[in-house]
Each structure stands twice: as C-alpha cells, then as structure tokens.
Amino acid sequence: MAVSVTILVLIIALHLIAFVFAIGAERRRSEAKVLPDEYDDRTFCVYTTDASTIYGLAAVALLLLSHAVLNAVTRCLCCGKGLVSGCSTTCAVLSFIISWSSFLGAEACLLAGSARNAYHTKYRGYFVNHDLSCATLRKGVFAAGAALTLLSMLASILYYWAHSKADTGFWEKHRNEGLGLATQHHHHHHQGADSDKA
C-alpha cells in the first residue's frame, strides 16, 4: 500500500487543529472568585467563561476523527493484509502502540479537563470562612492533553508510513507462490509424459 498524501495531510491537519483547541482550552480556563450573596449571609462562586469546555470537547472530537481515519486506512494493524516481517513491521507495531497510548492519554486529559472546567460550585459557606476556594480546573491538564496530541500525531505519521512500507499485499504474495507451485507441478507432469512416450 502506497503512502497517500491526502490521508497524511488529513491526519496531520486534524491533529494540529485539535492541538490548537487544546492550547486554547488551557488559556481560557474558567476562573472564579468568591462573592457575598446579597440576600443572605452566605458566599457563592462567580465563574468566568466556559470556553475551555467547548474547546476541549472540540479537540476530543477532532482527535477521535483523526484516529478513526488512520485505523480505517490501516485496518487497525491486525485486521488487514499480512505485513512482511522486518524493520518496517517492528516500527509499525511500536508506533501503533505509542499512537494508541498517547491518543488515549490525550483524550483522558481533554475529557477530564472539560468536565472539571464545566463543574461550578455555587454556595461555599458563611462569611466567617475566609479561606474558601471555588472549584476550578488546575493549570496544566489541557496543556498535557495538547502535548499528548502532538505525540499522537508524530506516532500516527510514523505508524502510517511504516505500515505502508510493510504492507506487501499478503494474498497477492501467496497467489504468486501458488502459481509458482502450479507451474512446477505442470512442468513435472510434462516430463513424466515425455518419459512414458520414450
């Protein structure tokens, strides 16, 4: 299977857009401050934008789409044609494992970050408690997701390239072997017939 530039560009583009969204989510994390309630003596949290949740979920969707395209093309390594043993296959298997690990790690970070960012604490307590903190997403969760997205992109490119090199067309190879055996058998048959005539 030859390397398709279209597939390669699509995988890279989807990963990069997901990366941009993940960075955007990190930068637009929801912040909060404790304010007094004007109607009673309790305090509550006021949150800024929820943009991070939207960005995070967009990154999750794009990453999922990219991985779906990659595994559909390569038939998820196990379901496709046989791969010739050698350096390319070893490289394909290793990059396949790294690609899946980084993909799952990125998805976990982005989903957890989006969920946590969307979680808003309302009432926190009474005025006497001055050390209250509103529940917010800690710094670095979306950044970790963005870093794993880049790793997933590199591993996916390497996997696709190595898989293309190692994909020799299993059935075609065996069909040729079968033809070779048939020709050999036919040749022996002719030799036997000639010796009978003699």
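The values are calculated or read from the model by the stated rules, or taken from the named source; none is laboratory data. Not measured: the values here are computed from a predicted model. Here the Cβ is made from the backbone with ideal geometry for all residues, glycine too, and neighbour counts use every protein chain on show. Each accessible area value is taken on the protein alone, full model and side chains, heavy atoms only, with ligands, DNA and RNA left out. Shrake-Rupley method; radii C 1.70, N 1.55, O 1.52, S 1.80 Å.
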*Here is a list of conditions, (1) modelled with pLDDT of 85 or more; (2) open to solvent by 70 Å² or more (accessible area, probe 1.4 Å); (3) in contact with a strand residue (DSSP E or B) (Cβ under 6 Å, 6 or more places away or on another chain), and I54 meets all of them except one; can you say which number that is?*
(3)
*Do we find that V9 is at negative phi, open to solvent by 40 Å² or more (accessible area, probe 1.4 Å) and either in contact with a Ser or Thr (Cβ under 6 Å, 6 or more places away or on another chain) or among the aromatic types (F, W, Y) (or both) in this structure?*
no
